[in-house]
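Derivation of every value follows stated rules applied to the coordinates shown; laboratory data play no part. The model shown is predicted, which means the values in this text are computed figures rather than measured ones. Virtual Cβ from ideal backbone geometry, glycine too; neighbours counted across all protein chains shown.
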Amino acid sequence: MTETLLEIDNLSVDYETARGDLKALRDISFDVNRGEIVGIVGESGCGKSTLISAILRLIAPNTRFRNGAIRFKGDDLLTRTEEQMRALRGGDISIVFQDPMQTHNPVITIGKQMVDIQHRVKISKAEKLATAARMLGVVGIPDPEARLKQYPHEFSGGMRQRIAIAMALMSEPDLLIADEPTTALDATLEVQIIERLKDLQRDFGCAILFISHHLGVIAELCDRVVVMYAGAVVESGTVREIFHNPKHPYTRRLIECDPGHIKTRARVLPTIPGEVPDLANLPEGCIFRERCDQAMARCAQVPPLTRLSEGHNAACWLNHAEEIA
Ligand SMILES: Nc1ncnc2c1ncn2[C@@H]1O[C@H](COP(=O)(O)OP(=O)(O)OP(=O)(O)O)[C@@H](O)[C@H]1O
Ligand SMILES: [Mg+2]
């Protein structure tokens with residue numbers, strides 16, 4: 001039986017700015033089940049980082065939670081104290097950031113950093129070092145005992161990201177959140193990290209919430225995909241449904257514009273014409289309307305996220321044949 005681990009329920013988050021409230025997330029709803037890999041994909045500025053910072057409550061001071069709930073194992077995280085959230089981060093929920101240098105302190109050896117993050121575990125330092133070496137081995141760092149004595153700058157970017165993943169897994173989290181963990185790496189390293197993440201997910205059984213603007217990576221790694229556009233979920237479904245049977249024009253355009261999907265050599269990569277709307281001054285109706293080549297009169301009203309088949313949802317009037325007719 002599938003068990004829901006994380007449930008985002010109608011979450012709306014604003015940023016207070018001098019220009020008024022910037023509506024960064026609007027009525028976001030999706031689930032992550034235990035042991036499942038869910039990908040979040042969307043263009044820059046669509047709210048991916050806002051969403052994960054809201055989940056972890058690592059938020060900018062001008063962030064305002066307007067509505068909704070973030071339930072983890074059934075408990076609403078929005079009602080938890082700061083101290084409870086601190087215990088959760090690096091405990092049941094771990095995070096890997098885009099830039100591994102953000103994770104590692106440059107003046108402390110990797111070994112000491114990996115011992116320090118085990119502060120909650122009651123074992124000797126030698127045992128903690130042994131655990132650290134074992135985890136480096138798990139993520140594919142050769143000669144881990146010797147490597148523990150080295151500083152972050154003595155590792156390549158790909159290795160630093162593997163170490164960040166090793167550190168994130170040390171608390172045996174139920175949920176690993178990764179915000180563009182491979183974006184700073186070259187394509188070969190990216191493939192290696194993705195393969196490693198898949199193995200680790202199988203061995204450790206944790207769920208992964210994986211954020212990326214790179215569709216190929218999402219297709220390779222994830223079980224399910226949530227497509228975001230300008231602060232809203234426009235479509236969600238299994239990887240198969242999203243890539244082979246997309247139901248929202250935005251998803252279709254994203255797939256068409258992905259370099260991995262372009263068969264013929266082109267001088268100029270296709271892009272989606274137009275710009276993401278101003279979130280501090282939202283247009284009426286469907287958020288994608290201005291850029292959509294299938295827009296119609298009905299789109300003056302916001303289309304609801306509607307269930308099309310088991311686990312496949314889209315927010316587009318094109319899927320409401322009976323209502324448009
Ligand atoms: N503290 C803040 N105050 C005001 N606006 C913000 C703040 N943080 C982010 N934003 C705005 O909120 C929107 C969503 O930003 P967010 O960083 O979540 O997007 P993203 O999908 O992670 O983008 P990227 O792919 O570039 O990382 C953007 O319009 C951004 O400019
Ligand atoms: Mg981001």
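Remark: the chain is approximated by an ellipsoid whose semi-axes, taken from the C-alpha gyration tensor as √(5λ), come to 37, 22, 18 Å, largest first. Using 0.36 nm per residue and subtracting the Cα-Cα separation, the extra length available between residue 172 and residue 271 on full extension is 31.6 nm.
At 222 nm, what value in deg cm²/dmol follows for the chain if DSSP H runs of at least 4 each add -39500 (n - 2.57) and the sum is divided by all its residues, to the nearest 500? Display every interim value, and only then the final one.
Values: 11 runs with 98 residues, N = 325.
Calculated at 222 nm, the ellipticity per residue is -8500 deg cm²/dmol.
Straight Cα distances below 18 angstrom link residue 198 to the aspartates and glutamates 36, 172, 174, 179, 180, 190, 220, 223, with same-chain residues fewer than 8 positions distant left out. Each label was represented as a point 7 Å from its Cα along the Cα-to-Cβ direction; for residue 76 and residue 134 these points are 4.0 nm apart. Label positions at residue 16 and residue 309, each projected 7 Å from the Cα along the C-beta direction, are separated by 4.7 nm. Here residue 107 and residue 301 are evaluated by their C-beta separation; at R0 = 45 Å the FRET efficiency comes out at 0.20. Taking the centroid of alpha carbons for each part, region 11-84 and region 212-259 are 20 Å apart. Our summary gives the chain a relative contact order of 20 percent, counting only alpha carbon pairs under 8 angstrom and 6 or more residues apart. A Förster distance of 45 Å, applied to the separation of the beta-carbon atoms of residue 65 and residue 191, puts the FRET efficiency at 0.75. Pairs exceeding 24 Å between alpha-carbon atoms, taken from 73/247; 122/149; 128/149: 73/247.
Absence of a disulfide-compatible partner, taken as no other cysteine beta carbon within less than 4.7 angstrom, is noted in the chain for 46, 206, 222, 257, 292, 316. A simple spin-label model places pseudo-atoms 7 Å from Cα toward Cβ; at residue 92 and residue 156 they are separated by 3.8 nm.
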